Amino acid sequence: SQQGEEDPQALSIQEGENATMNCSYKTSINNLQWYRQNSGRGLVHLILIRSNEREKHSGRLRVTLDTSKKSSSLLITASRAADTASYFCATSPIMEYGNKLVFGAGTILRVKS
Amino acid sequence: DSGVTQTPKHLITATGQRVTLRCSPRSGDLSVYWYQQSLDQGLQFLIQYYNGEERAKGNILERFSAQQFPDLHSELNLSSLELGDSALYFCASSVNPTYNEQFFGPGTRLTVL
């Protein structure tokens, strides 16, 4: 079963607009990671934010994390057609031994040119 | 290109058969993870290995097994295949077994007929 829920399930915007995707999760985590997937291909790692961080930037990406609300958001600024993809949040739950990622269902982003 | 390689890219087989999926982690990464992506279950963690030893187990069926070899490559063996095993199988790797980013390979698309 998936821990995360992502909102919205699908998002359609015009090129140049900003896109915001939200993720909620259920258990305590070490970190939260965002991935992009183009049409059933491999997952591309975008950014990792640790549980003691509140905000992180990477190029046109901005991620926030609110551990009290167990939620995160991914903002893509000045979107491009090439940003069209599925975006997944993945949490790394605190485990006694080992590690795993628990994925949300993903947000399908379509950027129209 | 994440540096994680997976072979084969595509695999078509029949029910009841057995297949082996192969993964080579990024240079320097000691931990390997296997995930399954299907339409109904989404992305699910299967199993983690670190430096040859099993570290964490997820929703992996008894018909499935994995191992990590001394050269750090990993294999996922799927036996007595069923139609429902059709999915994308991803391998990921990370530097250490706990807090770091996981980088994903391009995946193996398994079709069971």
Each residue of A:84-91 has, on average, a number of other protein chain C-beta atoms within 10 Å of its C-beta equal to 1
Charge dipole of segment B:1-101 built from unit charges on the beta carbon (Lys, Arg +1; Asp, Glu -1), centred at mean Cα; most positive-end Cα among B:SER2, B:LEU83, B:GLY28 is B:LEU83
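Give, rounded to the nearest 20 debye, the magnitude of the charge dipole that chain A has about its Cα centre when Lys and Arg contribute +1 at Cβ and Asp and Glu contribute -1 at Cβ.
Values: 14 positive and 10 negative charges, 35 e Å.
Charge dipole, chain A, about its Cα centre: 160 debye, nearest 20.
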Restricted to pairs 8 or more residues apart or on different chains, the lysines in the protein assembly as shown with C-alpha atoms under 20 Å apart form a number of pairs equal to 8
From the Cα centre of segment A:76-113 to that of segment B:37-113, the distance in Å is 19 Å
For A:SER51 and B:THR7, extending 7 Å from Cα along the Cα-Cβ vector and measuring point to point gives, in nm, a value of 4.0 nm
Distance in nm between A:ARG110 and B:ARG22 label points, each 7 Å along Cα→Cβ, equals 4.0 nm
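Work out the length of the dipole vector of the protein assembly as shown about its Cα centre, built from +1 on the beta-carbon of each Lys and Arg and -1 on the beta-carbon of each Asp and Glu, and round it to the nearest 20 debye.
Dipole magnitude for the protein assembly as shown comes out near 320 debye.
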Expected sort for A:101-107, B:106-112, B:53-59 on mean C-beta neighbours within 10 Å, highest first, is A:101-107, B:106-112, B:53-59
Expressed as a whole-number percentage, the relative contact order of chain B with C-alpha contacts under 8 angstrom and at least six residues apart is 37 percent
Averaged over residues of A:27-39, the number of beta carbons from other chains lying within 10 Å of each residue's Cβ is 2
Of B:28-37, A:87-96, ordering from highest average Cβ density within 10 Å down gives B:28-37, A:87-96
About its Cα centre, chain B carries a charge dipole, from +1 on Lys and Arg Cβ atoms and -1 on Asp and Glu Cβ atoms, whose size in debye to the nearest 20 is 160 debye
Residues whose modelled amide H sits under 5 Å from the amide H of A:ALA105, counting only those 5 or more places away in sequence or on another chain, are A:GLU6
Gyration tensor on Cα atoms of segment A:21-61, a ≥ b ≥ c root eigenvalues, a/c under 1.5 rounded, else prolate if a/b beats b/c, else oblate, says oblate
Expressed as a whole number, the average count of other chain Cβ atoms within 10 Å around the Cβ atoms of B:86-99 is 3
So, relative contact order of chain A in percent, Cα under 8 Å, 6 or more apart, is 38 percent
tail above 15 Å in the computed P(r) of segment B:47-88, as % of all Cα-Cα pairs, reads 45 percent
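All of the numbers you see were taken from the coordinates with simple rules; none came from a lab. Because the structure is predicted, anything quoted here is derived from the model rather than measured. Neighbour counts are summed over all protein chains in view; Cβ atoms, including those assigned to glycine, are modelled from backbone coordinates with ideal geometry.
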